[in-house]
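The next block holds one structure in the form of C-alpha cells; read it before the comments.
Just so it is clear, none of the values below were taken in a lab; they were calculated from the coordinates. Source: prediction; values computed, not measured. Cβ atoms come from the backbone with ideal geometry, glycine included; neighbour counts cover every protein chain shown.
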Amino acid sequence: MKCAKRISLAVLFSCCVFSFAQTTTPSEAVPEASPKATASYGPLEVLTDTMGVDFGPYLKRVLEDVKVNWYNLVPKSAKAPPMKKGKLTIEFAILKDGTIGGMRLAATSGDVALDRAAWGGITASNPFLPLPYEFLGDYLGLRFTFWYNPDKADLAGTSTNPPMLDNSSIGLRNRAYDAMKAGNYNLAIDLLNRVVEADPKSDGAWNSLGLAYLDSRQNDLAIRSFQKQIEVNPYHEYAYNNLGRVYLRERKYEEAIKWFRKQIEINPVDKYAHSNLGIAYLEQHKYAEALPELEKAASLTPDNAESQVRLGTAYLNLGQDEKAMAAFDKALKISTKPLVWNNIAYQLTLKKAHPDIARHYAEYAVATTAAELRNFSFDQLSPQNIGTTSSLAAYWDTLGWVEFTDGDLDEAEKYLLAAWQLGQRSDVADHMGQLCEKRNEKDRALHFYKLSMNARRPEPETRSRLSALAGGNDKVDTIVENSREELSAERTIKVGNASKQEGKADFFVLLTSGKGSQAFVDDVKFVSGDEKLKVSTDALRVAQYGQTVPDETGVKLLRRGTLSCIAVADCTLLLALPEDVKSVN
C-alpha cells in the first residue's frame, strides 16, 4: 500500500547575526552562507546566547501563526496529484516590536509557487507578538525550513523532528482543527470539504464540518452536514445533539427537542444533550419540564458552573428560592469568572429577587471585565482574549437592567445604550424598547423593537411588544422588513479618503473611554487586505464611531472592521459584531 504524501514544516529557530538587507521576494534567493547551529533549544536550534530567556512559549505561538497562514496558501499542485515535492529555507529577524526585518530566501525549492506560499505564511503573520520584555537583544533571528510532501528518505538525518501534517483524511482534519482553534473557519470548511469529497463515508468528518458551519453561522449548511453524519453513522455520539443545537439557535424548539431526545436515546447519560434539552425548555419558560433535565446535566457535570446557574434558574422560576440560591452559590464556588456572576445577576433581576445581591454581582462582573480591558493593547491580542469586548456588552446590559428594575431610568439608559452600540444584541434592543415605553416615548420604543426583531435570535415577547405599538400583528413583518438595513447602517463608519485610495482591508480599532461619555480611538492595527490602505490609519483614528461608555471607569473596546474605499468618495468601515470576531489574523 502506498502512503499518502505529506506537507510538513520543519522549523529551525536560531538566534543568529545576519545583515538587515532590503527584503527580497521569494524568487530572489540570495546565495549567502547560513549560520550554523551551536546549541539545541528543545526541538529548535539556537546559534547564539538567548540571554537566559525561555523562548519556548513565544516560539510556539510564532510557529502556530505561520502554520495556519502557510496552509491557507499552499498551492493545489502540492495538495493533490502530482503532489509536488519541495524544500526551502527562509531566514528573517523579528524585531523587538514583533515586526519582520531582513527576510531572505536562503534556499529555494525550485518552484516559485511553493516558495511563494511559504513566504506568504510568514509575511501574513507580520507583525508577531513583541519579543519577551526580559530579552535584552535587539532582534531574534529565525530560520524556517519548509517541506512539501517529503518521504522518509527526505527526512533521514533531520534533527528538527518536524511536525508532519499530511494530505490524508487525518492530516486534513488535524489542519482543520488547528484552523478552527485560530478562528479561521473558511479554511477549516475548505479542508473538511476535501475530506468528505474524497471519502463521503469518513466517520466524524461530516460532524466536524457541521461544527465549522455552525460556528460560522451558516445554519442551513450545518444542518445538512449533521444530517449527512447521521446517514453515515446513525449512532454517532454527537451528531444528533449538534443538529439540535442548530434548531435551538433558530428557536425552533420542537425540532431541537426531538434531536436532543434522540441523542439521549442513544446515550442516556449524554451531558450535552440533557443540558441543551433543559435550555430549550428554559427559553420557552417551561421550567417544570426543564428541571429534571437540568438536574441530570448538573449531576453529570458537577464541576460546570453554568450547569448550576441553569439549575438555579429553573428553581427560581418554580418558586424554590432556597434551592435556587444554593445552586447559584455552588456555581460561584466552582468558578468566579465574570460570566457566572453576570448570569446569576440577570436571572435574579428578571424575577426581581434579591435585588441587593443582583446589583452586587452585576457590578462585580462589569468592574472585573473593565479592569481586564483597561490596559489592553494590541501586543496582548490573542484568540483567548478577543471575546472580552463582547462579554462586556452583555454585562453592561445586565447592570442596565438592574437599574431599570430599581426605577433609575437615566442610569439604566447609559448602560443599555452603550451595550446596544457595542454588541447589537436583540435582548438589549428589547430592553431599550421597554425603557422607552416606560418613559412614554412610543416612537423611540417602536424603533428599538424593530432593531431587536432584525438582530439575531429575537425573543417571541419582542414581537408582541412591537405588535401592540404598531397596531396589530399583521403589520409587524412589513415594519421589520422595511428596517432590515438599519443594523448594518449603524455599524458603518465614514472614513476620509484624502489620498483617493481604492481597495478593501481589515483593521482592528481600539476605542478607549475619555472624560466625556464618547469613546475615542486609542490605536489602529492593519490586519489583512490591500496593503496600500495602510495609509488610512490616520483617517481611522479621527473617524467618529458613535460609541458611548456608561461610566467613568477606564476601559478599552476592541472592534474589527472592513474598510472599503473607492477613489471618488470617502471610505466606509463596516464594523463586525464583537461576537463574530474569532481570529486575530
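For the reader, a short list of remarks on this structure follows.
- Against the chain, whose longest principal axis comes from its Cα atoms, helix 253-266 is set at around 60 degrees.
- Counted by neighbouring Cβ atoms within 10 Å, the residues LEU399, LEU373 run from fewest to most as LEU373, LEU399.
- Environment charge at SER391 (Cβ cut-off 12 Å; Lys +1, Arg +1, Asp -1, Glu -1): -1
- Sorted by Cβ neighbour density within 10 Å, fewest at the top, the residues THR89, THR562: THR562, THR89
- For region 59-70, the Karplus equation 6.51 cos²θ - 1.76 cosθ + 1.60, evaluated at θ = phi - 60°, returns couplings of 5, 4, 5, 4, 4, 4, 5, 5, 4, 4, 5, 5 Hz by residue, with Gly and Pro reported as x.
- Mean projected area in nm² (Cα convex hull; one quarter of hull surface) for region 350-425: 5.5
- Helix-derived mean residue ellipticity, 222 nm - over the chain, DSSP H n ≥ 4, -39500 (n - 2.57), to 500: -15500 deg cm²/dmol
- Spatially proximal lysines relative to LYS556 (Cα-Cα < 22 Å; intrachain offsets below 8 disregarded): LYS337, LYS414, LYS494, LYS515, LYS525, LYS582
- Helix 305-317 axis, angle to the chain major axis (alpha carbon atoms, nearest 10°): 10
- Based on the Stokes-Einstein relation at 37 °C and a viscosity of 0.692 mPa s, and on the Kirkwood radius from alpha carbon pairs, region 405-448 is assigned a translational diffusion coefficient of 320 µm²/s.
- Judged by the gyration tensor of its Cα atoms, with axes a ≥ b ≥ c, region 425-512 is prolate; a/c meets the 1.5 cut and a/b is the larger of a/b and b/c.
- Here region 275-310 and region 505-566 have alpha carbon centers that stand 40 Å from each other.
- In angstrom, the C-alpha Rg and Dmax of region 490-580 are 13.1, 41.
- Here the alpha carbons of the chain define both size measures, Rg and Dmax, at 26.8, 81 Å.
- Maximal additional length on extending the ARG116-GLU237 stretch stands at 39.4 nm, based on 0.36 nm per residue less the C-alpha distance.
- In plain terms, if you count all Cα to Cα distances in region 304-394 and split them into 5 Å steps from zero, the share in each step is 3, 15, 24, 21, 16, 10, 7, 4, 1, 0 percent.
- Helix axis angle, 426-438 relative to the chain longest principal axis, alpha carbon, degrees: 30
- Summary of the geometry: region 314-331 and region 413-491, compared by the centres of their Cα atoms, lie 31 Å apart.
- With a Förster radius of 51 Å applied to the C-beta separation of SER77 and GLN380, the computed FRET efficiency comes to 0.85.
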